[in-house]
Amino acid sequence: MTTDILAELDKILAQRKNATAESSYVASLYHKGINKILEKVGEETTETIIAAKDATLSGNTDDLIYETADLWFHTLVMLGHFNIPSQAVIDELARRLHISGHAEKAARQHTTK
């Protein structure tokens with residue numbers, strides 16, 4: 001079900017790339033370019049962090065869920081800018097599923113040097 005939702009969002013986001021900026025919020029982001037999209041990802045990241053801090057104090061995670069959804073959404077817009085389907089990220093997570101985080105990080109550092 002999760003991948004169905006992501007695949008549906010991928011389709012909608014791809015359609016919005018060809019829409020007029022006035023027709024939708026996402027189309028306006030695409031028309032403004034990558035810097036505006038990255039600004040929104042950064043903004044949503046900050047809001048998610050604040051919501052997590054607030055949830056730590058209050059025990060209420062409603063805002064954390066809401067802000068995380070915003071962050072994920074804007075991240076999908078960013079990926080869409082580069083024509084990267086959400087499945088590519090899912091595939092990468094699947095690849096890492098049974099790999100130690102320490103081993104994965106060490107392998108990544110080895111290949112980037």
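The values are calculated or read from the model by the stated rules, or taken from the named source; none is laboratory data. Keep in mind the model is a prediction, meaning the values are calculated, not measured. Positions of Cβ are backbone-derived with ideal geometry, glycine not excepted, and every protein chain shown enters the neighbour counts. These area figures cover heavy atoms from the full protein model, side chains too; ligands, DNA and RNA do not enter into them. Shrake-Rupley method; radii C 1.70, N 1.55, O 1.52, S 1.80 Å.
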Review point. How would you classify the range 1-43 from its alpha-carbon gyration tensor, with a ≥ b ≥ c the square roots of the eigenvalues: rounded for a/c under 1.5, else prolate if a/b is greater than b/c, otherwise oblate?
Key: oblate
**Study point:** Under 13 Å, Cβ to Cβ, from residue 96 - net charge with Lys/Arg +1 and Asp/Glu -1
**Key:** 0
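How far, in nm, would the chain grow between residue 7 and residue 90 when pulled straight, counting 0.36 nm per residue and subtracting the alpha carbon separation? Don't skip to the end; give the middle numbers.
On the way: separation 83, 0.36 × 83 = 29.88 nm, distance 1.10 nm.
Residue separation times 0.36 nm, minus the Cα-Cα distance, leaves 28.8 nm.
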Exercise for review: May I ask which of 11/40; 11/105; 11/53 have a Cα-Cα span longer than 30 Å here?
Suggested key: 11/105; 11/53
**Study point:** Label assignment, Rg/Rh (Cα atoms, Kirkwood Rh) derived from the structure, set (1) 1.51; (2) 1.04; (3) 0.93
**Key:** (2)
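Let me check I've understood the local charge: for residue 44, count other residues with C-beta under 12 angstrom from its C-beta, Lys and Arg +1, Asp and Glu -1. What total comes out? Mind showing how you got there, number by number?
Numbers: positive: 40; negative: 39, 43, 47, 67, 70.
Within the 12 Å Cβ shell, the charges total -4.
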Study note, to complete from the structure: the range 3-31 and the range 61-95 have their Cα centres apart by a whole-number Å value of 14
Revision key, fill the gap. In whole percent, the fraction of accessible protein surface over the chain that belongs to carbon or sulfur atoms, probe radius 1.4 Å, stands at 60
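Rounded to the nearest 500, what is the chain's calculated 222 nm mean residue ellipticity when only DSSP H runs of at least 4 contribute -39500 (n - 2.57) each, over all residues? Spell out each step's value before the answer.
Values: 6 runs with 92 residues, N = 113.
The helix-only estimate for the chain comes to -27000 deg cm²/dmol at 222 nm.
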Practice item. Can you tell me how much longer the chain between residue 49 and residue 109 gets when fully stretched, taken as 0.36 nm per residue apart minus their C-alpha distance, in nm with one decimal? Key: 18.9 nm
Study note, to complete from the structure: When the chain is treated as a Gaussian network with springs between alpha carbons less than 10 Å apart, the largest mean-square fluctuation among 48, 68, 56 is found at 56
Check your understanding: Under a plain spin-label model, where a point goes 7 Å from the Cα along Cα-to-Cβ, how far apart in nm are residue 58 and residue 34?
Key -> 3.7
Review point. Taking 0.36 nm per intervening residue step and subtracting the Cα-Cα distance, what contour gain separates residue 19 from residue 65 on full extension?
Key: 13.7 nm
